[in-house]
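Below is one structure, written out as structure tokens; the observations come after it.
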Amino acid sequence: MTTRRGFMASILAASLTPRLSWAEAGGPAYLAAAREPDGGFALFGLNGLGADLFRIPLPDRGHAAAAHPTAPEAVAFARRPGSFALVIDCARGRLSHRLDAPKGRHFYGHGAFLQDGDLLCTTENDIETGAGVIGLWSRPDGYARIGEVPSGGIGPHELRALPEGELAIANGGIRTRPSRGRDKLNLETMRLNLTYLDPERGISEQVELEPDLYRNSIRHLALGPTGQVAFAMQWQGNPREVVPLLGLHRRGEPPILTEAPFAEQMLMEGYAGSVAFDGSGNRVGITSPRGGRLHVFTSDGAYDTTVQRTDICGLGPKANGFMATDGFGNTCTIEAGTLYPLTRADRAWDNHLVHIG
């Protein structure tokens with residue numbers, strides 16, 4: 001493991017070199033991965049109106065990306081269960097580092113930066129035991145692997161950096177093995193939770209659902225302006241059962257599980273693909289590409305409205321509402337329950353729209 005003296009020396013050396021900002025990459029508002037007509041894949045930077053600012057080829061299907069808080073740098077993760085992640089210099093349009101999962105680990109498709117961008121945290125699986133781990137990578141040391149900590153559960157998927165320096169982690173409860181592809185190996189014994197963790201001090205809080213929701217895998221997270229965490233779920237049980245797909249949590253309080261009216265909830269088909277707060281932080285949305293719907297709720301859990309859009313999934317905040325992408329190459333905004341088309345390109349957007357800022 002890197003010593004503290006070496007780590008601090010590398011930070012000092014980095015501080016003496018010229019620093020670029022996201023402005024040098026065109027000032028993108030969002031990052032999104034896509035499949036192109038020739039079967040290839042790329043990561044795109046989009047402005048606030050959904051227009052392309054840059055395109056960087058990827059060697060395989062991308063799932064999500066972690067945007068550095070200040071530098072024009074993104075870490076693109078392969079789809080679960082992936083063994084590599086790519087650090088991309090978005091200003092120069094080139095690969096700067098490749099991260100390979102250590103032996104006995106695989107990535108789960110998401111990451112987040114802590115310590116002002118000096119520490120990259122990645123969700124991973126200990127293949128032998130099935131325990132979730134958070135990999136720690138030092139950016140000042142060229143993204144060297146410097147350690148790992150337990151995630152507090154099985155199958156950690158998305159994680160978010162919190163203002164106080166902790167992580168919120170969606171431990172989805174699903175065990176996988178690369179040799180079995182995307183097979184889910186423990187549906188009868190799933191245990192899922194939302195974990196709050198400091199990489200140095202360990203777990204500070206965990207939230208579990210009621211026993212009858214043990215198959216409601218917590219997958220994706222969004223962070224509101226007041227510290228509220230929204231979590232999107234994907235039901236692994238009987239598809240005819242109708243269950244909540246959005247949870248809201250404040251530290252020290254029980255979670256609020258929200259549902260749309262029964263018919264609307266049923267049409268989500270038990271699947272929430274992305275979650276985001278809107279630009280005001282007063283509303284939160286979840287998307288279902290299977291159901292072709294965006295459900296919007298108030299931040300206290302009350303159902304607000306439904307917006308229909310075929311294969312909608314990627315979702316992020318926009319000043320007056322949400323920005324969204326779909327599997328047909330479209331970007332659009334949603335304001336006050338109305339969808340406004342923005343751009344269309346010859347590509348299929350993947351599941352996530354990563355907001356920068």
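The values are calculated or read from the model by the stated rules, or taken from the named source; none is laboratory data. From a predicted model like this one, the values you see are computed outputs, not experimental measurements. Cβ placement follows ideal geometry from the backbone for every residue including glycine, while neighbour counts extend to all protein chains displayed. For the accessible areas, the whole protein counts, side chains as well, though only heavy atoms, and no ligand, DNA or RNA atoms are used. Shrake-Rupley method; radii C 1.70, N 1.55, O 1.52, S 1.80 Å.
Can you compute the equivalent ellipsoid semi-axes for the chain, i.e. the square root of 5 times each eigenvalue of the Cα gyration tensor, sorted largest first and rounded to whole Å? Write down the numbers at each step before the final one.
Values: eigenvalues 169, 124, 74 Å².
Ellipsoid half-lengths, sorted descending, are 29, 25, 19 Å.
Helical runs (DSSP H, four residues minimum) scored at -39500 (n - 2.57) apiece and divided by the length of the chain put the mean residue ellipticity at 222 nm at -1500 deg cm²/dmol. Shown here for segment 93-129: trypsin sites (Lys or Arg not before Pro) in loop regions (DSSP other than H, G, I, E, B) with at most 10 other Cβ atoms within 10 Å, namely Lys103. The simple Förster model, with R0 at 35 Å and r as the Cβ-Cβ distance, assigns Glu210 and Glu335 a FRET efficiency of 0.50.
Working note: Debye formula, equal point scatterers on the alpha-carbon atoms of segment 91-165, no solvent; log10 I(q)/I(0) at q = 0.12, 0.27, 0.28 Å⁻¹ is -0.33, -1.33, -1.38.
The apolar share of the surface of segment 259-357, taken as the fraction of accessible area on carbon and sulfur atoms (1.4 Å probe, ligands and nucleic acids excluded), comes to 46 percent. Binning all Cα-Cα separations of segment 242-357 at 5 Å, short to long from zero, yields these whole-percent fractions: 2, 13, 24, 25, 20, 11, 4, 1, 0, 0. Backbone amide hydrogens, once placed in the peptide plane, bring Ser204 within less than 5 Å of Tyr196, Leu197, Asp198, excluding anything fewer than 5 places away on its chain. Per q in 0.11, 0.18, 0.24 Å⁻¹, report the Debye log10 I(q)/I(0) for segment 29-107, using one uniform scatterer on each alpha carbon and no solvent. Each listed q corresponds, in turn, to -0.27, -0.71, -1.18. Computed extension length for Arg251-Gln308: 17.3 nm, one decimal, from 0.36 nm per residue of separation with the Cα-Cα distance subtracted. The residues of segment 259-357 expose, per residue, 39 Å² of accessible area to a 1.4 Å probe.
So what is the relative contact order of the chain, in percent, for Cα pairs below 8 Å that sit 6 or more residues apart?
11
Short to long, the 10 Å bins of the Cα pair-distance histogram for segment 292-357 hold 21, 55, 21, 2 percent of all pairs. Take segment 220-285, drop everything but the C-alpha atoms, weight them equally and run the Debye formula without solvent; then report log10 I(q)/I(0) at 0.13, 0.15, 0.21, 0.22 Å⁻¹ to two decimals. Rounded to two decimals, the profile gives -0.36, -0.48, -0.86, -0.92. Look at the dipole of the chain built from charges on Cβ: of Ala85, Tyr196, Leu185, the Cα furthest out on the positive end belongs to Ala85. Per-atom-type breakdown for segment 27-167 gives carbon and sulfur 49% of the accessible area (1.4 Å probe, protein chains only). When the alpha carbon gyration tensor of segment 145-199 is reduced to an equivalent ellipsoid, its three semi-axes come out at 24, 13, 9 angstrom, largest first.
Using the 1.4 Å probe convention, the accessible area of segment 95-151 works out to 35 Å² per residue with neighbouring protein chains retained. Placing +1 on each Lys and Arg Cβ and -1 on each Asp and Glu Cβ, with no other charges, gives segment 210-323 a dipole about its Cα centre of roughly 320 debye. Placing +1 on the Cβ of every Lys and Arg and -1 on the Cβ of every Asp and Glu, with no other charges, gives the chain a dipole of roughly 780 debye about its Cα centre.
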